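Right, one structure below, let's go through it.
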Ligand code: GUN
């Protein structure tokens, strides 16, 4: 396949960040599929702090405005649905809104967690716990979670 097709297929593995697939192609051409996850990861890990921050910020809030408005990417929508975030009770929904805004105020980026197959209760517990972290460890955790999300997206292609 060519670069355009490669980026069409893999451009959504990292949320709204096709530059990861573009860089992967530019580094290694048409890599074998067994190598893709590791290659994408190293492209992200080798990027600047600003690029990593933009990558984290490309993620929509969990059970947030974009989710309600039906404006999520196909991948994010599937992940949020698999964690039944589209079925929040009114109280859970309010909890998410409150946590989302506290988290962004404290860290300057949205809370990212690989939520596929987690329950709403588990997600809310992790969310509250992670709000207590310091900014550097939360930045690193967000990138780790983004790699987990990417691996799951890759496997479900
Ligand atoms: N975890 C899995 N997908 C997503 C997403 O789109 N946004 C956030 N914040 N976390 C996720």
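The values are calculated or read from the model by the stated rules, or taken from the named source; none is laboratory data. Note that the structure is predicted; figures quoted are calculated from it, not measured. Note: ideal-geometry Cβ built from the backbone for every residue, glycine included; neighbour counts use all protein chains shown.
Restricted to helices (runs of 4 or more DSSP H) entirely inside region 45-104, those with at least 2 residues that are within 22 Å of residue 19 (Cα to Cα) are 49-57, 74-82. Restricting region 29-62 to residues that are at pLDDT below 95 and in contact with a helix residue (DSSP H, G or I) (Cβ under 8 Å, 6 or more places away or on another chain), the residue that is nearest to residue 6 (Cα to Cα) is 30.
Yes/no per residue for (1) in contact (Cβ under 8 Å) with a residue 40 or more places away in the chain; (2) within 12 Å of the ligand (Cβ to nearest atom); (3) surrounded by fewer than 18 Cβ atoms within 10 Å (Cβ to Cβ):
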site	(1), (2), (3)
62	yes, yes, no
71	no, yes, yes
81	no, yes, yes
94	no, no, yes
112	yes, yes, no
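Going by the conditions given, is residue 69 at pLDDT below 95 and within 25 Å of residue 11 (Cα to Cα)? Yes.
Residues considered: 114, 37, 58, 63. Of these, the only one that is farther than 20 Å from residue 147 by Cβ and under 15 Å from the mean Cα position of the chain (by Cα) is 63. Looking across region 1-60, the residues that are within 16 Å of the ligand (Cβ to nearest atom) and without any contact (Cβ under 8 Å) to a residue 24 or more places away in the chain come down to 11, 18. In the set (1) within 16 Å of the ligand (Cβ to nearest atom); (2) under 21 Å from residue 120 (Cα atoms); (3) out of contact with any helix residue (DSSP H, G or I) (no Cβ under 6 Å at 6 or more places or on another chain), residue 90 fails one condition alone, (1). Being outside any helix (DSSP H, G or I) and surrounded by fewer than 16 Cβ atoms within 10 Å (Cβ to Cβ) is the requirement here; does residue 140 meet it? No; evaluated as a whole, the condition is false for this residue.
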